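Reading through the structure tokens given below for one structure.
The values are calculated or read from the model by the stated rules, or taken from the named source; none is laboratory data. Just so you know, these numbers come straight off a predicted model, no measurement behind them. FYI the Cβ positions are ideal-geometry reconstructions off the backbone, even for glycines, and counts take in every protein chain you see. For the accessible areas, the whole protein counts, side chains as well, though only heavy atoms, and no ligand, DNA or RNA atoms are used. Shrake-Rupley method; radii C 1.70, N 1.55, O 1.52, S 1.80 Å.
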Amino acid sequence: MTDLQMSLIGGAVVFVGAVFAYNKWQEHKARKSVEKAFSSEHDDVLMRAGDAAAPPIKRQEPKFDAAGSTAGGRGGAGGAGGDSGDGVDRIEAVVAATVSGDGDGQDHTAAVELATSLVDPLIDCLIPLALEAGARGDKLLPLLHTLRHVGNKPIHYIGLAVSGDWEPIHRGGVYTELQAGVQMVSRTTALNELEYSELVTRLRTLADDIGAEPEIPDMIEVMAEARTLHRFVAGHDAQLGVNLMSNGAPWAISTLIGALEKQGFDVRPNGGYGMPDGDGGVLFTLSTNVTLGADTTAHLTLLLDVPVVAPARDGFGKMVACARTLMGRLDATIVDDSNLPLTEQAIAEINGQVLEFYEEMAAADIPAGSVRALRLFS
């Protein structure tokens, strides 16, 4: 091997190493900038083991479950939880109902608010699509519907209308620019490199079909943002359960159904029960903790999906009040996860933790029960 060849090889190695080091440094800077949006100096009320100043409690009280659901299963609230259906269509319906209030159509202001809720720079990766010429919504919609998901992450589109406002793309509209938004985090996973690569490939094909040029964000920056957002979601994915145990013989399911209906529960598609929130959503759920074919049960679990219920609804307070009413109606005792009676002091302490939880979510600009929370925790 000649000296020239050795020099070329050495130069190539140095060049590759420099490129790798530069990319790592860029990733480090992107991660630091994104982490500022979700940093908090407060303790995580979901993850901490306990308050050292609080009196010792020997038994296990009901608590937040930051890793998933309790025995009652995960229940939706505010229209966002657990039921089947197309994720994109369901999210758009929830957002539209939240923005428009009564759901009877959308005026100009509601359309603009809906657009900013569906393509949100805090939780979506935004991809501008510069159109070669104005395009009608009638022609765009069939093509855009071919790319609605990547993995389990929904993709939404908005358009810059001739009025000068961004709005959801609809038939009859004329648009001079488009913007795609892929949600960077679902309740379970963050957008990863393979999904992003698939998105870019399919989006370029779509852009060719609609006569647009996409402005693709840097993958390293997007992955850093997605991982940071996912840490927030994982740390605030909390379900809070309250249990009822029969004081005597197990309850007959046939009799129990009538008592639950009198209490106001609706039967859900999965066989569980949901307490309506008054606006078409579910405030909290109830599980019998047995299979659908069972004849009796001695244990009920009420479950609050904390991040998707707005503080103003007082989901925890209403769930406890419901448990107290059922306690008298069914001759039951409110118990903790060890089947020991739940004290008023414990309930008050848990309520305080719920309030702290709500404050942390609000500080991150993702208030519990908000459109952002409904999207992230659906």
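Things to note:
- When residues of the stretch 329-349 are limited to those that are of a type in the set (Gly, Ala, Ser) and not in a helix (DSSP H, G or I), the one most open to solvent (accessible area, probe 1.4 Å): 338
- Filter pass, residue 352 being small (Gly, Ala, Ser) and part of a helix (DSSP H, G or I): yes
- In a residue-by-residue description of the stretch 319-328, the property of being basic (Lys, Arg), part of a helix (DSSP H, G or I) and in contact (Cβ under 8 Å) with a residue 24 or more places away in the chain applies to no position.
- Residue count, the stretch 166-205 (criterion: among the β-branched types (Val, Ile, Thr) and more than 17 Å from the chain's Cα centre (by Cα)): 6
- Check on residue 138, open to solvent by 20 Å² or more (accessible area, probe 1.4 Å), farther than 17 Å from residue 205 by Cβ and either of a type in the set (S, T, N, Q) or not in a strand (DSSP E or B) (or both): yes
- Qualifying positions in the stretch 278-287 - at pLDDT below 95 and not small (Gly, Ala, Ser): 279, 282
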